[in-house]
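Contents: one structure, followed by commentary.
The values are calculated or read from the model by the stated rules, or taken from the named source; none is laboratory data. Note that the coordinates shown come from a computational prediction; the quantities given were computed from them, not determined experimentally. Counting neighbours? That spans all protein chains shown, and the Cβs are built from the backbone with ideal geometry, glycine included.
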Amino acid sequence: MAGALFIVQGVAECMRCYLAIKTNKWLPRLEDARETEELLIGQATGFETK
């Protein structure tokens, strides 16, 4: 399950990179993507981040 979430997030980052190349401007990251990453890291290390 965690691997699938990282794949989805990776695809989103690739699309963000593609749009940055096309428009010459980085788009901001969405807050939910950052929260998902922090939750997964917290679960992997045994700590909860908030």
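Is there any pair linking a residue in region 9-23 that is under 24 Å from residue 38 (Cβ atoms) to one that is modelled with pLDDT of 90 or more and surrounded by fewer than 10 Cβ atoms within 10 Å (Cβ to Cβ), with Cβ under 7 Å and at least six apart or on different chains, and which?
none
Evaluate region 21-30: report whether one residue or more is among the aliphatic types (A, V, I, L, M), in a helix (DSSP H, G or I) and at pLDDT 80 or above.
Kept after step one, since they are among the aliphatic types (A, V, I, L, M), are these residues of region 21-30: 21, 27, 30.
With in a helix (DSSP H, G or I) added as a condition, the list becomes 21.
The next check asks that each one be at pLDDT 80 or above; those that pass are 21.
Yes: region 21-30 contains one or more residues that are among the aliphatic types (A, V, I, L, M), in a helix (DSSP H, G or I) and at pLDDT 80 or above.
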